[in-house]
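Sending over a structure as structure tokens; questions will come in a sec.
Derivation of every value follows stated rules applied to the coordinates shown; laboratory data play no part. Keep in mind that this is a model prediction, so the values were computed, not measured. In this analysis, Cβ positions are derived from the backbone assuming ideal geometry, glycine residues included, and neighbour counts consider all displayed protein chains.
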């Protein structure tokens, strides 16, 4: 009986701490979302200086679509092309570095992070000095794509490398190789299915960073290769504030569905891994790990 008052006394500080954390989280969320909400409302009002009293309208959204729809499609195309390039370059690079952890691979990993540490304007200036003399490339959206790949590739490599290091990819390699699987069979049939979560996490970062990248893109773009963030800055600088705010709404309408879709894919992958059959004990561990490779080997022999 004497322990009940103590339990109640111990419960009160925890409850107070919970509400304090809740209030702090709500305040941070409000601080971060209030500017976004105000910008969205400004894009839906007839006159930003009068406010909501001037009435709501979608006319500014129509003007943004008429003036800047090309930037929207270009940004989506560059983001998807950037994702494809980082998948082709980043996943094999992470696979190689996970297999051969040494001073050289760690040096390469650190060098890959340089475009993130260096300001985007400096990276863009370096690209212009190297390739700006090629007129066809300089005026093409491919020039912006090169800059985006340089900037986002480290995020794909780090995300995939973290997963490959956690699952001990060398053990997977050895088990699959012992059953006769070739390097390509081991990569596509064993390694890739086990690092899906890292690929999805990297894809989420690559797409969002590519769509929202401004500094590097502003330096590399031309009047015919404006992307979404550059068009947003242009609309705020040269148009009415209502048009700039409506452009912000278009930006959110484009980026939020992408975020939701990738988060859903990531959550589905996590649930699939959670409900997967449990690993056997140490005696049968190598057989279970190498099962995909064994299946691939059998299919190859039958072919």
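Before anything else, pin down the relative contact order of segment 1-155: Cα pairs under 8 Å, at least 6 apart, normalised by residue count, whole percent.
Averaging sequence separation for qualifying contacts and normalising by length gives 18 percent for segment 1-155.
Also: Calculate the length of the line joining the C-alpha centroid of segment 218-273 to that of segment 140-158, in whole Å.
Answer, in whole Å: 17.
Now for a separate question. Could you order peptides 138-145, 199-206, 110-117, 164-171 by the average number of other Cβ atoms within 10 Å of their residues, highest first? Write down the numbers at each step before the final one.
On the way: 138-145: 18.1, 199-206: 22.6, 110-117: 13.8, 164-171: 15.9.
Top to bottom by mean Cβ count within 10 Å: 199-206, 138-145, 164-171, 110-117.
Before anything else, pin down the relative contact order of segment 69-275: Cα pairs under 8 Å, at least 6 apart, normalised by residue count, whole percent. All intermediate terms of the calculation are to be shown ahead of the outcome.
Values: 197 pairs, mean separation 64.2, N = 207.
It rounds to 31 percent for segment 69-275.
So, one more: Evaluate E = 1/(1 + (r/R0)^6) for residue 125 and residue 238, where r is the Cβ-Cβ distance and R0 equals 22 Å; express this FRET efficiency to the nearest 0.05. Present the calculation step by step, with values, prior to reporting the outcome.
Values: r = 25 Å, r/R0 = 1.12.
Computed FRET efficiency for residue 125 and residue 238: 0.35.
Continuing with this model, one more query. How big is segment 69-275 in terms of Cα radius of gyration and Dmax, in angstroms?
Both quantities, over Cα of segment 69-275: 19.4, 67 Å.
Right, here's the next one. Just to be sure I understand the model, the point goes 7 Å from the Cα along the line to the Cβ. What's the resulting residue 26 to residue 214 distance in nm?
Once both label points are built, they end up 3.1 nm from each other.
Can you give the FRET efficiency for residue 187 and residue 140, using 1/(1 + (r/R0)^6), R0 = 35 Å, r = Cβ-Cβ distance, to the nearest 0.05?
Numbers: r = 32 Å, r/R0 = 0.92.
Given R0 = 35 Å and the Cβ-Cβ separation, E is 0.60.
Another question, if that's okay. Figure the gain on full extension for residue 166 and residue 96 (residue separation times 0.36 nm, minus the Cα-Cα span) and round it to one decimal in nm.
Working: separation 70, 0.36 × 70 = 25.20 nm, distance 1.48 nm.
23.7 nm is the gain from fully extending residue 166 to residue 96.
Still on this structure, please answer the following. Suppose each label sits 7 Å from its Cα in the direction of the beta carbon; what would the residue 34-residue 116 distance come out to in nanometres?
3.2 nm
Next question. Kindly state, as a whole number, the per residue volume in cubic angstrom of the convex hull around the alpha carbon atoms of segment 60-129.
Values: hull volume 9.4 nm³, N = 70.
Dividing the Cα hull volume of segment 60-129 by its residues yields 134 Å³.
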